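Since the structure comes first, as structure tokens, the remarks are kept for the end.
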Amino acid sequence: MMLKNDLLLRAARGEVVERAPVWLMRQAGRILPEYRATRAKAKNFVEFVKNPELASEVTIQPVDILGVDAAIIFSDILVIPEAMGLPYEMIEAKGPRFQNTIQTKADIDKLKIADAGDLDYVMKALTLTKKELNGRVPLIGFCGAPWTILAYMVEGSGSKTFSKAKQFLYTQPVLAHALLDKITQSSINYLKGQVTAGADLLQIFDSWAGVLNEKMYYEFSLQYISKICTALSPLVPVTIFAKDAHYAIKKISETSCASIGLDWTIDPLKARQEAGKKTLQGNADPCLLYSDEKTIISETHAMLEAFGIDRYICNLGHGLYPDIDKEKVKLFVQVVKEYKW
Ligand code: CP3
């Protein structure tokens, strides 16, 4: 199917665009009353994610309501641990919890290497969304980076420091690599399935990149992300978003990814110097959207100016917070779309 708006894909591939495409991490989420209404139809978050009709509905909401240039499939990075045999729950206002965690070789041996069939509900949600979108905008698929997934599987929940997960890397490096390998293979199978089901671009979320030092980041995270990129890049453009890993941009640019997602702690010009010819995505602080309209407009203009029109995808530096005013989000999107390049 021909896309009516393929700005995102052209920008990712470094082709000519009339303006920068814009989408937002966590655009399908609690900032939208429509999202909350759909979510209320499911028993809990995990059941919500597993329901292709509901997932597809909230995937399309931000395209209609916010006017973004891409849809990102509504799911979660934690579907991979579940498909490998480690189920999770999402506790209201607290976040994810795993009843069982990974500690020993036996725990890792018990895990299955997931294939796309184990995540059939995501494939169904993608197929349905692709049909409903009818070519309006590209559809983004995603997974978590192996390190970020390991962090949840070992820690058992979110954490400020992920010290249990890091303890595992320091004390059980051989086991850590065995687990990272299994997660990597599962993620490749999963993402290949997503492309078959209609994903036009893939993003790898390394949300906890920033808790590792540089050397450990390359050893325990980037080498596995790179394997995923090598497997998927021949099929669709891949974006690597490694939060707080500004030291790694140059090394990330040496993978086969098409674009690099940035958080707000890095200066756009500095990132340009380090990223070579890769497309950059980001990087407004989500908290900018708490400010008044005038500030949102001037700061957004400054960001667009700094990145420039070539090889740029406009986004935030991390996901939207639930208490951000939807009108401010709409304003941000509108400012990007109306900017005179
Ligand atoms: O719009 C989109 O971005 C697509 C959907 C999406 C969700 N999670 C839905 C979701 C995506 C891409 C994710 C990825 C994800 N999930 C990440 C990586 C991105 C990041 O934020 O760093 C991580 C670390 C997770 C794990 C996760 N899921 C946590 C820690 C939480 C709880 C925190 C919170 O915001 O409540 C979730 C829950 C979650 N995933 C929500 C949404 C919309 C909010 C839950 C709700 O509806 O109650």
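Observations
- Residue that is modelled with the highest pLDDT, among those in the stretch 26-55 that are within 19 Å of Arg136 (Cα to Cα) and not in a helix (DSSP H, G or I): Gln27
- Members of the stretch 1-43 that are closer than 30 Å to Lys340 by Cα and charged (D, E, K, R): Lys4, Asp6, Arg10, Arg13, Glu15, Glu18, Arg19, Arg26
- Within the stretch 62-75, considering residues that are outside any loop (DSSP other than H, G, I, E, B) and surrounded by 21 or more Cβ atoms within 10 Å (Cβ to Cβ), the one farthest from the ligand (Cβ to nearest atom): Val63
- Scan the stretch 315-340 for residues that are open to solvent by 10 Å² or more (accessible area, probe 1.4 Å) and in a helix (DSSP H, G or I) and the total you get is 9.
- Any chance Leu119 is within 13 Å of the ligand (Cβ to nearest atom) and surrounded by 21 or more Cβ atoms within 10 Å (Cβ to Cβ): no
- Taking residues in the stretch 19-36 that are without any contact (Cβ under 8 Å) to a residue 60 or more places away in the chain, and partners anywhere that are open to solvent by 10 Å² or more (accessible area, probe 1.4 Å) and within 6 Å of the ligand (Cβ to nearest atom), the pairs with Cβ atoms closer than 8 Å and at least 6 places apart or on different chains are Ala28/Ile72; Ala28/Phe74; Tyr35/Ala28; Arg36/Arg30.
- So Leu126, is it crowded, with 21+ Cβ neighbours inside 10 Å and either on the phi > 0 side of the Ramachandran plot or in contact (Cβ under 8 Å) with a residue 60 or more places away in the chain (or both): yes
- Test: residue in the stretch 36-57 that is closer than 30 Å to Gly276 by Cβ and either within 9 Å of the ligand (Cβ to nearest atom) or surrounded by fewer than 21 Cβ atoms within 10 Å (Cβ to Cβ) (or both): no
- Pairs are defined by a Cβ separation below 6 Å, a sequence spacing of at least 6 or placement on different chains, a first member in the stretch 253-280 that is within 14 Å of Lys243 (Cα to Cα) and free of Cβ contacts under 8 Å to residues at least 40 places away in the same chain, and a second member that is among the aromatic types (Phe, Trp, Tyr) and not in a loop (DSSP other than H, G, I, E, B); the pairs so defined are Leu280/Tyr312.
- Some residue of the stretch 2-20 being under 18 Å from Pro322 (Cα atoms), at pLDDT 95 or above and either surrounded by fewer than 17 Cβ atoms within 10 Å (Cβ to Cβ) or within 12 Å of the ligand (Cβ to nearest atom) (or both): no
- Residue in the stretch 92-107 that is nearest to the ligand (Cβ to nearest atom), counting only those that are surrounded by fewer than 19 Cβ atoms within 10 Å (Cβ to Cβ) and not charged (D, E, K, R): Gly95
- Candidates Glu47, Glu132, filtered to the one that is out of contact with any Leu (no Cβ under 7 Å at 6 or more places or on another chain) and closer than 27 Å to Gly156 by Cβ: Glu47
- Any hit, the stretch 84-91, residues being buried (at least 19 other Cβ atoms within 10 Å of the Cβ), within 14 Å of the ligand (Cβ to nearest atom) and within 30 Å of Cys314 (Cβ to Cβ): no
- Of all the numbered requirements in (1) more than 16 Å from the ligand (Cβ to nearest atom); (2) open to solvent by 10 Å² or more (accessible area, probe 1.4 Å), Thr300 misses one, and that requirement is (2).
The values are calculated or read from the model by the stated rules, or taken from the named source; none is laboratory data. From a predicted model like this one, the values you see are computed outputs, not experimental measurements. No Cβ is skipped: glycine too gets one built from the backbone with ideal geometry, and neighbour counts run over all protein chains shown. Just so you know, the surface numbers come from the protein's heavy atoms only, side chains and all, with ligands and any DNA or RNA stripped out. Shrake-Rupley method; radii C 1.70, N 1.55, O 1.52, S 1.80 Å.
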